[in-house]
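Input: a single structure, listed below in structure tokens.
Derivation of every value follows stated rules applied to the coordinates shown; laboratory data play no part. It should be emphasised that the depicted structure is a prediction, and the values quoted were computed from it without experimental measurement. With ideal geometry, Cβ positions are generated from the backbone for all residues, glycine too; neighbour counts draw on all protein chains shown.
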Amino acid sequence: MKKQKDKKHLKKLRYKYRLVLMNEDNFEQKVSLRLSQLNVIGILSAFSLFWMAVMIYLLAFTSLREYIPGYTDPSLASQVYEMELSLDSLENISTIQNQYLTNLQRILRGEDLDDENDLAQQEPIDYSGIENTISLEDSILRQEVESQTAYNLYFYDAQSAEYERDIANTGPMVFFKPINGIITNHFNSATKHYGVDLVSERNDAVKAIYDGIVIFSDWTVNTGYVIAIQHPNNFISVYKHNSALLKRQGDIVKSGDPISIIGDSGEQSSGPHLHFELWANGSPVNPLDYINF
């Protein structure tokens, strides 16, 4: 019975229908098309695939992709740098003009100038002739200083008195839950998944798990907007795939402070979620051993 129904349905799709366009005044036939439901479905499918291919090409190989969140114009950084230089020059010129007008008003009112140096205008400084050259001695000194901390993963030296004093004052650490959500992917060092994936409501705020200082807050290609916080006792918490960052590098945060917004940024993201990592003494640890999600 099922096969007969399928054959009957397929036969119905192949029924031919005639589409006729006629002149309403004299009923003259202009266009006549003989179509079936199967033909119409095929034409609509081909038309949809064509426009999908056109949209994919426009988003992948034209400047339209800049309107997609996560993609930026490569020349944007250089434009921002040029605008900062222009703004700095405009501020310098504005300061000089304001100083000149103030001195002129004092002269017209017959007032004495507080400082004789106010009469002299400062000329804009031309930096175009400066050459940024590094001497051999400077290069050697830089290399020596950078090599001292090249592989230092810790915020404190474990043998220092400052480190021991910090542990004594901190006491037992109780971590705050970064976000209320469902765990969709667990910690697995074998597959190099050094954290847990949490799914929550859209635009939820991600919170700092403990007091610390922001050591990284920027965009990366693979993991999107990322923020990392250094905590006492050599703990580092990392929050990836955010849609926006609320703290900058160097900011001091408290436990429970909002630091970012959950999102879907980065090429490695498969949907809106938070990838949370916890590192202790330079090695990744399972967040479930320290936080009750």
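A few remarks follow.
- From most to least packed by mean Cβ count within 10 Å, the peptides 83-96, 274-287, 242-255 give 274-287, 242-255, 83-96.
- Dipole axis of region 2-61 (+1 Lys, Arg; -1 Asp, Glu on Cβ), positive-most option in Met52, Val20, Asn39: Asn39
- Sorted largest first, the principal axis extents computed over the alpha-carbon atoms of region 204-274 equal 32, 21, 18 Å.
- 3J(HN,Hα) couplings calculated from phi for region 275-281 with the Karplus curve 6.51 cos²θ - 1.76 cosθ + 1.60 (θ = phi - 60°) are, in sequence order, 9, 10, 10, 10, 10, 10, 6 Hz; Gly and Pro show x.
- Theoretical FRET efficiency, 1/(1+(r/R0)^6), r = Cβ-Cβ of Gln99 and Leu136, R0 30 Å, to 0.05: 0.10
- Each other residue within a Cβ distance under 15 Å of Ser283 adds +1 if Lys or Arg and -1 if Asp or Glu, for a net charge of -1.
- On the basis of the beta-carbon distance and an R0 of 41 Å, Leu13 and Thr184 show a calculated FRET efficiency of 0.50.
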